[in-house]
Amino acid sequence: MDGGQGADRAGAVEKHRVAASSVAAAVLLTVGKLVVGLLSGSLGILSEALHSALDLVAAVVTWVAVRASGRPADEQHSYGHGKVENVSALFETLLLLVTCVWIIYEAVERLLGKSVEVEASIWAFVVMGVSIVVDFSRSRALSRVAKKYNSQALEADALHFSTDIWSSAVVILGLGLVLVSELTGVSWLAQADSVAALGVAAIVVVVSIRLGRKALGDLMDEAPPGLIARLEEHCRVEGVGGIRRLRVRMSGPQGFVDIALSVPAGTTLTQGHAIADRVEGAVQEIIPGADVLVHVEPDGESEGERQLTVGALRDLATDHGMPVHNIRITRLGRRSMVEMHAEVADDLNVTQAHDLVDRFEQVIQSRYPEVERVVTHIEPAGQEAAEADEAPQVQQIERIVRDVVEADSVAQAHRDLRVTERGRQLDLSFTCVVPAKASVAAAHRCTERVETALRASIDRVGSVSIHVEPE
């Protein structure tokens, strides 16, 4: 057994012990108050016996919850059984609220004139004094262990015993005022305990709602206020480029943290592991004993590389094995549209080619969220070796090419025309001469115009390859 497992086992034993002692104390107080209440006829003490009986139920629930929450994770409960403590805390909160409702109802009844016969015997004071001592001892022990192991079930049980201190004090106050009332003849003094009971009940309601809200929040996987910000601050250790995702959930005393962070692209596996260890240690400082999952992602892009450019799109296509050309980006305010030609294998059918191109379009829009639309013209990729024959009508095609080139405003001349026949298609290739100072864009537009005109003038044109040379 390693040190961590030994510490977990020791903590479980301590939690079981303090929860079991609370059950024993609740049994002792319930029986003692019930006996003295029946002998003295004190409604206050009998009500305290009922209150202690509820505490006994709560203590048993806490004991069961603490034992269940300590069970290890299994196939059905991969995050363990810690949320049993949250359920227990919520149940105890409801018991506290029910008790407060009964106290408020009884106090209002007495203030409105309900007659209560109380015998302020020495045994009544003794049993309530013992109750306060036991409740004080139990609440301190439970609160200490609850804070030590972040146990909501024990925290709720500690609240139960601490409220018993106040309610027992109110009963003693009521018994004392009964004695004073009998000695002085001032009847209204006997009502003071009811007013004090209302004040205690109000305090318990506020504390109970706060505890129940926390238990419900943990059941809903709500992160404690400010915890995410503290974790983000502490996790920016050396080597961390940024934090892309951070999630926290609590299961009883056990915390679970899922964090994805980016590191420089050149980071080695060993360095990445060391960075993840440092981040895990930072999380453990904030949430001791947390189960931490750190996912490391390379960050190979600078702000400039994330900008949408033709070069960036061409590099992205190369990385995904998608030959593209004629890339055009149109800015539409804060949105953009991308148009391009993509080459796919000749033997693919239309559905297969469309799916292939569609996946690459999704990659573009995922990398560049500002891209609103991607329009891709699908073309068959060229063959490495194509069987072809010299076309017989070369002279006729030569005249058409000469006329088209001379009619263009940029093209100066053509040469090296080669016409081949592949099946029923005619493939053309030649050199087009353009002015030496013409821009690449102008030369490209020139070849597009020439190709369009040739396809309109010659039947059965397949591929047209135009090589540009300066004049």
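Just so it is clear, none of the values below were taken in a lab; they were calculated from the coordinates. The structure displayed is predicted, hence computed values, not measured ones. Cβ atoms come from the backbone with ideal geometry, glycine included; neighbour counts cover every protein chain shown.
For the stretch 389-470, what class follows from the C-alpha gyration tensor (a ≥ b ≥ c being the square roots of its eigenvalues): rounded when a/c is under 1.5, otherwise prolate if a/b is larger than b/c, else oblate? In terms of gyration-tensor shape, prolate. Taking a ≥ b ≥ c as the square roots of the eigenvalues of the Cα gyration tensor, the stretch 315-471 is oblate, since a/c reaches 1.5 or more and a/b is not larger than b/c.
If R0 is 25 Å, the Cβ-Cβ spacing of V375 and T452 corresponds to a FRET efficiency of close to 0.85. Taken along the Cα-to-beta-carbon direction at a fixed 7 Å, the label points for W102 and V363 span 6.9 nm.
The packing ranking of peptides 80-92, 96-108, highest mean first, is 80-92, 96-108, where packing means the average number of other beta carbon atoms within 10 angstrom of each residue. Across the alpha-carbon set of the stretch 227-299, the Rg to Rh ratio works out to 0.97, Rh being the Kirkwood radius. A cut-off of 5 Å between modelled amide H atoms, ignoring neighbours fewer than 5 places along the same chain, links H467 with F430, T431, C432.
Approximating the spin labels as points 7 Å out from Cα along Cα→Cβ, the A24-to-L38 distance works out to 2.5 nm. Based on Cα contacts under 8 Å between residues 6+ apart, the stretch 389-470 shows a relative contact order of 33 percent.
Stretched out straight at 0.36 nm per residue, the stretch from L316 to A413 would grow longer than its current Cα-Cα span by 31.2 nm.
For a quick check: sort V35, V344 by the number of other beta carbons within 10 angstrom, fewest at the front.
Starting with the residue having the fewest Cβ neighbours, the order is V35, V344.
Amide H contacts under 5 Å for V344: E379, A381, restricted to partners 5 or more places along the chain or on a different chain, H placed in the peptide plane at 1.01 Å from N.
If you stretched the chain out fully between L269 and H16, how much longer would it get, using 0.36 nm times the residue separation minus the C-alpha to C-alpha distance?
Details: separation 253, 0.36 × 253 = 91.08 nm, distance 4.31 nm.
Full-extension gain reported as 86.8 nm.
3J(HN,Hα) along the stretch 460-470, derived from phi through the Karplus expression 6.51 cos²θ - 1.76 cosθ + 1.60 where θ = phi - 60°, amounts to 6, 6, x, 9, 10, 10, 10, 9, 9, 10, x Hz, with x in place of Gly and Pro.
Order by neighbour count: R415, R138, fewest other Cβ atoms within 10 Å first, most last. Provide the component values of the computation, followed by the final result.
Values: R415 11, R138 26.
Ranked by crowding around the Cβ, least crowded first: R415, R138.
Contact order for the stretch 227-299, expressed relative to its length and based on alpha carbon pairs under 8 Å spaced 6+ residues apart, stands at 37 percent. For the stretch 310-380, the relative contact order is 35 percent, taking Cα pairs closer than 8 Å that sit 6 or more residues apart in sequence and dividing their mean separation by the residue count. Rounded to 0.05, the FRET efficiency of the Q396 and R245 pair, given R0 = 60 Å and the Cβ-Cβ distance, is 0.35.
Based on the Cβ-Cβ distance from V206 to R144, what FRET efficiency comes out when R0 is 25 Å, to the nearest 0.05? Don't skip to the end; give the middle numbers.
Details: r = 23 Å, r/R0 = 0.92.
Efficiency for this residue pair is about 0.65.
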